[in-house]
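Colleague: Quick one: structure below, then a few questions.
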Amino acid sequence: MNILLAPMEGLLDFALRDILTRVGGIDRCVSEFIRVTDQLLPERVFYRIVPELRRGGLTPAGVPVRAQLLGSDPSCLADNAARLAALGPAGIDLNFGCPAKIVNRHGGGAALLQEPELLARIVTAVRRAVPADMPVSAKMRLGFHDDSLAIDCAQALASGGASELVVHARTKAHGYRPPAYWDRIADIRAAVDIPVVANGEIWTVDDALRCREVSGCTDLMLGRGIVTDPGLALAIRFAVQDDAGAALPGWLELQPLLHIFWGLIEAHIEPRHRAGRLKQWLNFLRRRFPEAEEAYQAVRTITDSRAISAWLGIDPGEAGMPLAA
């Protein structure tokens, strides 16, 4: 079983990738998307979104990171993929699932699921542009308005040369509303001859086990569920291995990680956004840990990052220390 960490714009960036891979149980990450429109991006853009490129494409814990591209022009995507591949990511992923209105309005993300032929052209162009040993994978939803083209889209991605397909088991129209339709992943899996990874609405170990059973997929991708419970990947792995005695991180074990997370935010995020990033994560954590509710309420109205550091008990001289290159 492989467990992947999902790309989520505005949430699962390099900082949370660093923290969650330190906890363990994650085999691979995918970065949040790098948006490609009509130009060849400078290297600094790739490094900004995927700073792990400076570490051989690995998080500080040694977990590989595939860099994700989003766009709709096969030629421009191919050119950018070639430049990105030269920087040494663990692979290149293509985004065909983003439901954001502004992205879809410009023909990117899930909007492309209305054009299977274009999907095939994009993957073919990117596959040809990068070294043969560089994995090229894709992430899709079940469709845009509905799932009537789900099989066609999956087959188009496979025929274009994708080595792996992650399927978020909802359409763009579904957004993030439950349920996730894992049975449709099983249909896709039966229609293609490449590995398929199941994604969507996996919040608990029971969810993961049911998803594996219904979808038929061995591999899973976790998103909001593991942001809420950083030990989820480990818990799933222990359950599959029937390791009932294995220890999982609790709130106490998360305290050092909160400090590391804040150090990363202090070092790399603009001051006006720093407090919001901590509150965002605590807002997820409070669904799992009662102590996180107390923490969230304590910082809810704080906007000054120095006050956050004081609340965390971090020495002012240490604030802003770059904990990851």
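The values are calculated or read from the model by the stated rules, or taken from the named source; none is laboratory data. Note that the structure is predicted; figures quoted are calculated from it, not measured. Here the Cβ positions follow ideal geometry from the backbone for every residue, glycine too, while neighbour counts run over all protein chains shown. Side chains are part of the model used for accessible areas, which takes the heavy atoms of the whole protein and leaves out ligands, DNA and RNA. Shrake-Rupley method; radii C 1.70, N 1.55, O 1.52, S 1.80 Å.
Colleague: Of the residues Val192, Val227, which is β-branched (Val, Ile, Thr) and either surrounded by fewer than 20 Cβ atoms within 10 Å (Cβ to Cβ) or modelled with pLDDT under 95 (or both)?
Modeller: Val192
Colleague: Would you tally the residues in segment 195-211 being surrounded by 21 or more Cβ atoms within 10 Å (Cβ to Cβ) and more than 15 Å from the chain's Cα centre (by Cα)?
Modeller: Total meeting the criteria: 3.
Colleague: Limited to segment 131-155, what total is found for residues that are among the hydrophobic types (A, V, I, L, M, F, W, C) and open to solvent by 10 Å² or more (accessible area, probe 1.4 Å)?
Modeller: Residues meeting the conditions: 5.
Colleague: Out of everything in segment 92-108 that is small (Gly, Ala, Ser) and touching a residue at least 60 places away in the same chain (Cβ under 8 Å), what residue ends up being nearest to Glu9 (Cα to Cα)? Before you say what the answer is, go through the steps one by one.
Modeller: Our first condition is that a residue be small (Gly, Ala, Ser); within segment 92-108, this holds for 97, 100, 107-108.
In the following step, the residues that additionally are touching a residue at least 60 places away in the same chain (Cβ under 8 Å) were identified as 97, 100, 108.
Values: Gly97: 12, Ala100: 10, Gly108: 14 Å.
It comes out as Ala100.
Colleague: Has segment 111-119 got at least one residue that is modelled with pLDDT of 95 or more, outside any loop (DSSP other than H, G, I, E, B), in contact with a strand residue (DSSP E or B) (Cβ under 8 Å, 6 or more places away or on another chain) and among the charged types (D, E, K, R)?
Modeller: no
Colleague: Looking at (1) modelled with pLDDT under 95; (2) in contact with a strand residue (DSSP E or B) (Cβ under 6 Å, 6 or more places away or on another chain), find the lone condition where Leu312 falls short.
Modeller: Here Leu312 clears every test but (2).
Results for (1) within 20 Å of the chain's Cα centre (by Cα); (2) more than 22 Å from Gly223 (Cα to Cα); (3) open to solvent by 10 Å² or more (accessible area, probe 1.4 Å), shown as yes or no for each residue.
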residue: Leu257; (1), (2), (3): yes, no, yes
residue: Pro271; (1), (2), (3): no, yes, yes
residue: Arg274; (1), (2), (3): no, no, yes
residue: Gln280; (1), (2), (3): yes, no, yes
residue: Leu285; (1), (2), (3): yes, no, no
residue: Tyr296; (1), (2), (3): no, no, yes
residue: Thr303; (1), (2), (3): no, yes, yes
residue: Ile308; (1), (2), (3): no, yes, no
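Colleague: While we're on this one: Check Asp152, Asp147 and return the single one that is outside any loop (DSSP other than H, G, I, E, B) and of a type in the set (Asp, Glu).
Modeller: That would be Asp152, the only listed residue that is outside any loop (DSSP other than H, G, I, E, B) and of a type in the set (Asp, Glu).
Colleague: Restricting the search to segment 212-224, which residues are surrounded by fewer than 19 Cβ atoms within 10 Å (Cβ to Cβ) and of a type outside the set (A, V, I, L, M, F, W, C)?
Modeller: Glu213, Gly216, Thr218, Arg224
Colleague: Mind listing just one residue for me: the one in segment 155-183 that is aliphatic (A, V, I, L, M) and assigned to a loop (DSSP other than H, G, I, E, B) and, of those, nearest to Val197 (Cα to Cα)?
Modeller: Ala169
Colleague: So, one more: In this structure, is Cys98 surrounded by 24 or more Cβ atoms within 10 Å (Cβ to Cβ), part of a loop (DSSP other than H, G, I, E, B) and touching a helix residue (DSSP H, G or I) at 6+ places or on another chain (Cβ under 7 Å)?
Modeller: Answer is yes for this residue.
Colleague: I've got another one for you. For Ile265, which of the numbered conditions (1) more than 20 Å from the chain's Cα centre (by Cα); (2) of a type in the set (Val, Ile, Thr); (3) open to solvent by less than 70 Å² (accessible area, probe 1.4 Å) fails to hold?
Modeller: Of everything listed in (1) more than 20 Å from the chain's Cα centre (by Cα); (2) of a type in the set (Val, Ile, Thr); (3) open to solvent by less than 70 Å² (accessible area, probe 1.4 Å), Ile265 misses just condition (1).
Colleague: Continuing with this model, one more query. Can you tell me which of Leu157, Leu142 is of a type in the set (A, V, I, L, M) and touching a residue at least 60 places away in the same chain (Cβ under 8 Å)?
Modeller: Values: Leu142 fails: touching a residue at least 60 places away in the same chain (Cβ under 8 Å).
Leu157 is the lone residue from the list that is of a type in the set (A, V, I, L, M) and touching a residue at least 60 places away in the same chain (Cβ under 8 Å).
Colleague: How about segment 101-110: which of its residues are open to solvent by less than 10 Å² (accessible area, probe 1.4 Å) and not in a helix (DSSP H, G or I)?
Modeller: Within segment 101-110, Gly108 is the sole residue that qualifies.
Colleague: So, one more: For Ala125, work out the one condition from (1) in contact with a helix residue (DSSP H, G or I) (Cβ under 6 Å, 6 or more places away or on another chain); (2) modelled with pLDDT under 95; (3) of a type in the set (Gly, Ala, Ser) it doesn't fulfil.
Modeller: (2)
Colleague: Filter segment 186-229 for residues that are touching a helix residue (DSSP H, G or I) at 6+ places or on another chain (Cβ under 8 Å) and under 16 Å from Met8 (Cβ atoms) and give the result.
Modeller: Gly200, Glu201, Ile202, Trp203, Leu220, Leu222, Arg224, Gly225, Ile226, Val227, Thr228, Asp229
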